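The values are calculated or read from the model by the stated rules, or taken from the named source; none is laboratory data. Nothing here was measured: the structure is a model prediction, and the numbers come from that model. Counting neighbours? That spans all protein chains shown, and the Cβs are built from the backbone with ideal geometry, glycine included. Please note that ligands, DNA and RNA were not included when accessible areas were found on the heavy atoms of the full protein model with its side chains. Shrake-Rupley method; radii C 1.70, N 1.55, O 1.52, S 1.80 Å.
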Amino acid sequence: MTHTVEKIGGTCMSRARELVDTLYVGPFAPDAVYGRVFVVSAFGGITNMLLEHKKTGSPGVFARFAADDGGSGWQDSLSDTAAKMCEIHAEILEHDADRERADAFVRDRIEGTRACLLDLQRLGSYGHFRISQQMQTVRELLSGMGEAHSAFVTTLLLQRRGVNARFVDLSGWRDENNPTLADRLDQAMSGIDLTTEMPIVTGYAHCASGLMNEYDRGYSEVVFAHLAAQTGAREAIIHKEFHLSSADPRIVGVENTVKIGRTSYDVADQLSNMGMEAIHPNAARVLRRADVPLRVKHAFEPEDPGTLIGPEGGTSGRVEMVTGLPIHAFEVHEPDMVGVKGYDSCILDALTRHNLWIVSKHSNANTITHYLTGSFKAIRRVEAEVLKTYPNAEINTRPMAMVSVIGSDLSQVSVLARGLDALETGGVRPLAAQQGLRRVEVQFLVPRDKMDDAVKVLHEALVDTSTEQHAEARVAA
């Protein structure tokens, strides 16, 4: 196949009018506009309003509906979301007729959802029905609204610019069927001529397995990956508002960063583990198994090839990224642990039950330490459960930061020794450090308030920011 499947994130989608000139149409000759399938996220902030804020946890429609127990607070939140949707597309769409169509689209989805949730509340007022059993379905319903809106608006925008764009709605709105994801994608793409049409596909797909249940907010990248794999795309492309570069430019300065250029799926997995969101790990797995290379590009620099992620990997002997993540160290010390099996499984079961993400771990004869991300309240609950099982254990939970140095092959770079020396010289005293045998990552544990300082110091010491390195990254891509 010669087509590409391309994913656009929510922040970029909010600059949809600019994307017409930098991505959809501008850089291409008329006969090269097609052969591309675009999977779009909701406009920036909309999914937060529909569900809950991803970072702060501030409640949206879903969270209010789950907590209201018959109240109407969620209805106000739903109306606010509708108003925000209309405000966004009023700025994007230039023609009054297009705005009117988009307004009608939002009304249909919002009022249909309102009626559905009201009916569900009425059912819940009878003793035989439990709304709690339907909450995951409600979350799925609300999730698809943002992507359906952004895909519909983008289709109108492109059609007005002379592009034969087609709105492809995977959200299952008023659909009586409940197919598998593979069947949903097959049905949606059948009959589309990629040589003359540009499909604008919703990043959410309603299917039997329930994407939110399995992937939560990572569902759009999973849909994107499955679509690329299932259609045999030549390449899968993610468009972001920044390059995949050697560090956060807000920490080390834009002038000091280096675009990665080329790397491996192994590195992409490490970035996901550190919260970098280059691509959801499950999406990366789908692409890797289908042998579809992934490219991460800057949405507003169309002439730049970005960073290619594939089986060839990056250049050996090169640090590709330095990144930090605030974590908690959950340390369980039990003198009776030596020679006894089962301690680790008890801890892992509790961490899994309370939905805590294990970034890394370390153990010795009588101590097991897990480095976690998640709420402190959940960590305290895990601590109570472990102490019930092992009352003689000593448990310490400490906030700190993990700074990770990542590369396709670090075996010849001496990252651990050079990194420790650089941190000592830079006035950052590491609390711990560890390196695996695979040599794709070295982790430094530092005080949380020293995370940015550690990233700066390690980036300066380990990343080659020379002109030659910049040129190598461009050629590699």
Output for the range 167-191, where each listed residue is surrounded by 19 or more Cβ atoms within 10 Å (Cβ to Cβ) and either of a type in the set (K, R) or assigned to a strand (DSSP E or B) (or both): V168, R184
Top-ranked residue of the range 235-253 - restricted to ones that are part of a helix (DSSP H, G or I) and touching a strand residue (DSSP E or B) at 6+ places or on another chain (Cβ under 9 Å), ranked as least open to solvent (accessible area, probe 1.4 Å): V252
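Examine the range 244-264 for a residue that is of a type in the set (V, I, T), farther than 23 Å from L372 by Cβ and modelled with pLDDT under 90, and state whether such a residue exists. First the steps, then the outcome.
Of the residues in the range 244-264, the ones of a type in the set (V, I, T) are 251-252, 254, 257-258, 260, 263.
If we keep only those that are farther than 23 Å from L372 by Cβ too, we end up with 252, 254, 257-258, 260, 263.
Pick out the ones that are also modelled with pLDDT under 90 and you get 254.
Scanning the range 244-264 turns up at least one residue that is of a type in the set (V, I, T), farther than 23 Å from L372 by Cβ and modelled with pLDDT under 90.
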Residue pairs meeting the criteria (Cβ under 9 Å; at least 6 apart or on separate chains; first assigned to a loop (DSSP other than H, G, I, E, B), in the range 324-350; second at pLDDT below 85 and crowded, with 18+ Cβ neighbours inside 10 Å): E334/Y343
Tabulated pairs, the range 361-387, first farther than 20 Å from G436 by Cβ and open to solvent by 40 Å² or more (accessible area, probe 1.4 Å), second assigned to a helix (DSSP H, G or I) and not basic (K, R), C-beta under 6 angstrom, 6+ apart or interchain: N366/P335; N366/M337; E385/A350
Subset of the range 298-315 (residues that are open to solvent by 40 Å² or more (accessible area, probe 1.4 Å) and touching a Gly at 6+ places or on another chain (Cβ under 8 Å)): P302
Any hit, the range 345-357, residues being open to solvent by 60 Å² or more (accessible area, probe 1.4 Å), modelled with pLDDT under 95 and more than 32 Å from the chain's Cα centre (by Cα): no
Single unsatisfied condition, M337 versus (1) open to solvent by 10 Å² or more (accessible area, probe 1.4 Å); (2) closer than 27 Å to I238 by Cβ: (2)
Where a residue in the range 294-307 is more than 22 Å from R17 (Cα to Cα) and its partner, wherever it lies, is of a type in the set (S, T, N, Q) and buried (at least 21 other Cβ atoms within 10 Å of the Cβ), with Cβ under 8 Å and at least six apart: R295/T307; T307/T263
Contacts under 9 angstrom Cβ, first residue in the range 421-443 being open to solvent by 40 Å² or more (accessible area, probe 1.4 Å), partner at pLDDT below 95 and aliphatic (A, V, I, L, M), 6 or more apart: Q435/L410; R439/L410; R439/V413
Any hit, the range 354-370, residues being under 30 Å from S41 (Cα atoms) and out of contact with any strand residue (DSSP E or B) (no Cβ under 7 Å at 6 or more places or on another chain): yes
Number of the condition not met by E241 [criteria: (1) in contact with a Cys (Cβ under 7 Å, 6 or more places away or on another chain); (2) free of Cβ contacts under 8 Å to residues at least 24 places away in the same chain; (3) of a type in the set (D, E, K, R)]: (2)
Sole exception among (1) charged (D, E, K, R); (2) part of a loop (DSSP other than H, G, I, E, B); (3) without any contact (Cβ under 8 Å) to a residue 60 or more places away in the chain for R318, by number: (3)
Residue satisfying condition, being part of a helix (DSSP H, G or I) and open to solvent by less than 50 Å² (accessible area, probe 1.4 Å), within set V163, V138: V138
The range 137-148 residues that are in contact (Cβ under 8 Å) with a residue 24 or more places away in the chain, paired with ones that are open to solvent by 10 Å² or more (accessible area, probe 1.4 Å) and basic (K, R) (beta carbon under 8 Å, 6 or more apart): M145/R109; A148/R109
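So that you can scan it fast, the table gives a plain yes or no per residue for (1) open to solvent by 30 Å² or more (accessible area, probe 1.4 Å); (2) of a type in the set (S, T, N, Q); (3) over 31 Å from the mean Cα position of the chain (by Cα); (4) over 12 Å from L157 (Cα atoms):
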| position | (1), (2), (3), (4) |
| --- | --- |
| H89 | no, no, no, no |
| I92 | no, no, no, no |
| A97 | yes, no, yes, no |
| R101 | yes, no, no, no |
| R107 | yes, no, no, yes |
| I110 | no, no, no, yes |
| R114 | yes, no, no, yes |
| L123 | yes, no, yes, yes |
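So which of E214, E221 is open to solvent by 30 Å² or more (accessible area, probe 1.4 Å), acidic (D, E) and within 23 Å of R289 (Cβ to Cβ)? Even if it seems obvious, please write down each step before you answer.
Working: E221 fails: open to solvent by 30 Å² or more (accessible area, probe 1.4 Å).
Every option except E214 fails the conditions.
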